[in-house]
Amino acid sequence: MKINSQKRRSVKGKAIDPLGDYPGQFREVLKQRGYPPGTLRLYCRRIERLSELMRRRHLAVADLSAPEVGRLLAVPGWPPADHGYNRTIVRRFIEFLVERGAGVPVPQPTAKQRARAALRRDYEAYLRNQRGLSDATIYNCWRLADRFMEFRFGEKVGAFAKITPADIVRFMQHLHGRAQPYRVKTTSTHLRTFFRFLFQTGQIRANMALTIPSIAQRYGARLRRYLAPEQVESVLAAVRSDTPIGRRNFAMVLLMARLGLRAPEVIAMRIEDIDWRAGEVIIHGKGQRHDRVPLPEEVGQALADYIQRDRVTTFREVFVVDRAPHRPFKNSQLLNVVLKSAFKKTGVKPPAPYVGSHVLRHSLATQLVRRGASLDEIANLLRHRSRASTMIYAKLDVEGLRSIAQPWPVGGAQ
């Protein structure tokens, strides 16, 4: 007689695994993706714990709803690790079961989630097809729009007809009026784009984009923060190390220090962008611009060392995370972390309490100005589309400003 595998609890005294052979299949998938043996063992121990708890509670795969999984994770006795790490492993295993059609119940989206998903789909199509924006800009536009709706409607679906200009002002005051204000310069621009979309699609009757005020960006009037040449070299030396992560981080930081690349441009670089024969590299810049710039020997050698010795991935991006499956970086925040660690290691005092990766770009431009480079040459190197972006560095040309400075008036002089 055939025995139902979901109902039987043991065969010849041996407990039946409610997960069947799915853990073994999951392990093979992770192995193919390049997960190291140590990580595979960690994953297997946590899946074994999940299976043990399912046996105790007489649960089958079809019972692994989101609330039930949460209750299982809350049971004491999981292998020592951060609770978030256990949750991540189980979540990835549940996603694997869903992909295999194992019958895991998929939670139904709420009315709010369905409405937001439909709005996001339409808004992103508008930004991509009618405005021609890049994926990164589209993501930032939606993120701010979603943040506004959370501020205005909370857990409710909300009706756009109920939004007033006062709601928009309160939201902007909420972002910019805190002790650590929201420092993105495009807040007003992104909100205007969102309300222009709502108006054009007939979801609001008045074009409230016209009522959105601009935010004063007083910190933009300051001189660019930069490092002295010897400080830049100290930071580079601190980043460099004879390890896979050290070679990767050194190559990324060197691209910013020698070529003036922005951090997102470093992260976006792909293998096919490097022309080794011509000694050039294609940069995917702002506004979907692609620029071809010379590749100095020092930078090329650092890239070659990392690619030949340490880069193991199936993705086309040059720089990937060091953990399997070695995916590309989601954002460029890593470079800020690397620089912060280098400052701490060398004792170099940053030029400001908060210093992002742009400090290397500003340092390169400042040194070129002081060596006599023209503003046109700096604009070409930094790939500025507006001359106004380059003119800020004229303030740093102390010798040039001294040559045109008028003498201080003396009392009684005619």
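The values are calculated or read from the model by the stated rules, or taken from the named source; none is laboratory data. Everything quoted here is computed from the prediction, not taken from an experiment. Heads up, the Cβs are rebuilt from the backbone with ideal geometry, glycines too, and the neighbour counts pull from every protein chain shown.
Restricting attention to the stretch 98-152, the residues being modelled with pLDDT under 90, under 30 Å from Phe26 (Cβ atoms), aliphatic (A, V, I, L, M) and in a helix (DSSP H, G or I) number 1.
Of all residues assigned to the stretch 59-71, none qualifies as being outside any loop (DSSP other than H, G, I, E, B) and touching a residue at least 60 places away in the same chain (Cβ under 8 Å). Could you pull out the residue among Arg87, Arg46 that is in contact with a Leu (Cβ under 9 Å, 6 or more places away or on another chain), surrounded by 14 or more Cβ atoms within 10 Å (Cβ to Cβ) and basic (Lys, Arg)? Testing whether each residue is in contact with a Leu (Cβ under 9 Å, 6 or more places away or on another chain), surrounded by 14 or more Cβ atoms within 10 Å (Cβ to Cβ) and basic (Lys, Arg) leaves just Arg87.
Each residue in the stretch 120-146 was checked for being free of Cβ contacts under 8 Å to residues at least 24 places away in the same chain and either closer than 21 Å to Pro264 by Cα or surrounded by 14 or more Cβ atoms within 10 Å (Cβ to Cβ) (or both), and 9 of them qualify. One residue stands out in the stretch 153-168 among those that are in a helix (DSSP H, G or I) and within 28 Å of the chain's Cα centre (by Cα): the one that is farthest from Thr211 (Cα to Cα), namely Phe153. Looking across the stretch 265-283, the residues that are crowded, with 17+ Cβ neighbours inside 10 Å and closer than 18 Å to Leu381 by Cα come down to Glu265, Val266, Met269, Asp273, Ile274, Val281, Ile283.
Residues in the stretch 321-349 that are free of Cβ contacts under 8 Å to residues at least 24 places away in the same chain and farther than 28 Å from Pro229 by Cα: Val321, Arg327, Lys330. Being small (Gly, Ala, Ser) and modelled with pLDDT of 70 or more is not true of Ala394.
Against the conditions (1) in a loop (DSSP other than H, G, I, E, B); (2) modelled with pLDDT of 90 or more; (3) not assigned by TED's automatic domain parsing to the domain that holds Ala365, Leu198 satisfies every one except (1).
Looking only at residues in the stretch 196-211 that are within 30 Å of the chain's Cα centre (by Cα) and of a type outside the set (A, V, I, L, M), the one that is nearest to Trp142 (Cα to Cα) is Phe197.
Of all residues in the stretch 60-71, those satisfying the criterion of being surrounded by fewer than 18 Cβ atoms within 10 Å (Cβ to Cβ) and among the hydrophobic types (A, V, I, L, M, F, W, C) are Ala60, Ala62, Ala66. Would it be correct to say that His174 is modelled with pLDDT under 90 and part of a helix (DSSP H, G or I)? Criteria met by His174.
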